[in-house]
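Notes to accompany the following structure.
The values are calculated or read from the model by the stated rules, or taken from the named source; none is laboratory data. All values derive from a computational prediction rather than experimental measurement. Here the Cβ is made from the backbone with ideal geometry for all residues, glycine too, and neighbour counts use every protein chain on show. We work out accessible area using only protein heavy atoms, side chains counted, and drop any ligands, DNA or RNA first. Shrake-Rupley method; radii C 1.70, N 1.55, O 1.52, S 1.80 Å.
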2 protein chains.
Amino acid sequence: MSDPPPLHPAVEPLAGLLGVWRGEGRGSYPTIDAFDYGEEVVFGHVGKPFLAYRQRTWLRRDGAPLHAEAGYWRMVDDDAVEAVLSHPFGAAEVLAGTVITRAPLALRLHSQQVVTTVTAKRIDAVERDVDANPVEGTLAYAVRMAAVGEPMTHHLAATLRRADG
Amino acid sequence: MSDPPPLHPAVEPLAGLLGVWRGEGRGSYPTIDAFDYGEEVVFGHVGKPFLAYRQRTWLRRDGAPLHAEAGYWRMVDDDAVEAVLSHPFGAAEVLAGTVITRAPLALRLHSQQVVTTVTAKRIDAVERDVDANPVEGTLAYAVRMAAVGEPMTHHLAATLRRADG
């Protein structure tokens, strides 16, 4: 194993996301029962101008795997951020947004497009807030979505802590 | 660490993809110079009805990281397969296709939709062939795409070998 490459300067504003994060969240939506989940999020890089992202969640009551996402985040301007995320149930989000503050890091993104396979549940739009606080050592997020006929509505919120020291 | 969960029966037809694969490929397109690359592909699962997929490539001449993809594959009928893939440059593919043969495993997929961020290069359509041969211990694929004004044209081909024993 060689040393990790230096972070690409283009994604320096996103450096606060890098690492392994674990914690708990809560999900709800008008069409489902609320649920508590455990989560691990990993943001990594290979020296190129993007961060690789993956997460997985599990039901807190029995540890059963629940959801997963994977994708990439990048900066496209001084304060403009983009993300592309894949979901196992047959959907992909293309998101654009803004770096609201750099320290603590606050990102606000909204979907430009959400595409689904013909067999997947319909999702019309997604909004994602991401907040990384280096003093608290926390990564918090909220997800809102307009889906299955519902207007933009709160869906997920979690607060994670560094799990990589 | 606990034992891995059993594979979900719904993705049993895709079992031949599971594992870590490494090898070499060659890329070309009318608008670029041909290039040779090294690649690692990982297909995993968590007992749910999908496979998690990620790959990364590097230039053979100097090992510099080149591309990466991440996403999910699932079966939606006896011989119908779907995949959702994210790309770091701001694109996502939603693919559908068919299990042509199960042993050796041969998949033929075509994009239902390709979405890109406003800053990304335009991709109109993608076709992917995937062939896993358990006797040879190989995973081979070919990618064709219609992009940046070109019609559907060969882009990538690689043959990988099991790297996880």
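Couple of notes before you dig in:
- Neighbour-limited loop hits for trypsin sites (Lys or Arg not before Pro), the stretch A:1-64 (at most 11 other Cβ within 10 Å; DSSP other than H, G, I, E, B): A:Arg61
- Here the gap between B:Ala34 and B:Ile100, fully extended at 0.36 nm per residue and compared with their Cα-Cα distance, gives a gain of 20.8 nm.
- Peptide-level mean, for A:79-88, of C-beta atoms on other protein chains within 10 Å: 6
- Protein-only accessible surface order, largest first, of A:His155, A:His8 at 1.4 Å: A:His8, A:His155
- The label point for A:Val135 and the one for B:Asp77, both projected 7 Å from the Cα toward the Cβ, are 5.7 nm apart.
- Between A and B, accessible area buried - total, square angstrom, nearest 100, 1.4 angstrom probe: 2500
- Rolling a 1.4 Å probe over the heavy atoms of the protein chains gives the protein assembly as shown an accessible area of 47 Å² per residue.
- Of all accessible heavy-atom area on chain B, the percent that carbon and sulfur account for (1.4 Å): 52
- Within the straight-line cut-off of under 13 Å between alpha carbons, the aspartates and glutamates reachable from B:Lys121 are B:Glu150, sequence neighbours fewer than 8 places apart in one chain being disregarded.
- When the Cα positions of A:Leu51, B:Leu95, B:Met152 are compared along the charge dipole of the protein assembly as shown, A:Leu51 comes out farthest toward the positive end, with charges on each C-beta of Lys, Arg, Asp and Glu.
- Compared with its chain on its own, the stretch A:37-55 contains the following residues whose accessible area drops by 50 Å² or more in the full protein assembly (probe 1.4 Å; ligands, DNA and RNA excluded): A:Lys48.
- Whole-Hz ³J(HN,Hα) from phi, Karplus 6.51 cos²θ - 1.76 cosθ + 1.60, for the stretch A:12-17, glycine and proline x: 3, x, 9, 4, x, 7
- Those residues of the stretch B:90-107 for which accessible area with every protein chain present is at least 40 Å² below the isolated value (1.4 Å probe): B:Val94
- Shape analysis of the protein assembly as shown places it in the rounded category; the axes a ≥ b ≥ c from the Cα gyration tensor give an a/c below 1.5.
- Shielding of peptide A:63-74 by partners, expressed as the average count of other chain Cβ atoms within 10 Å per residue Cβ, is 5.
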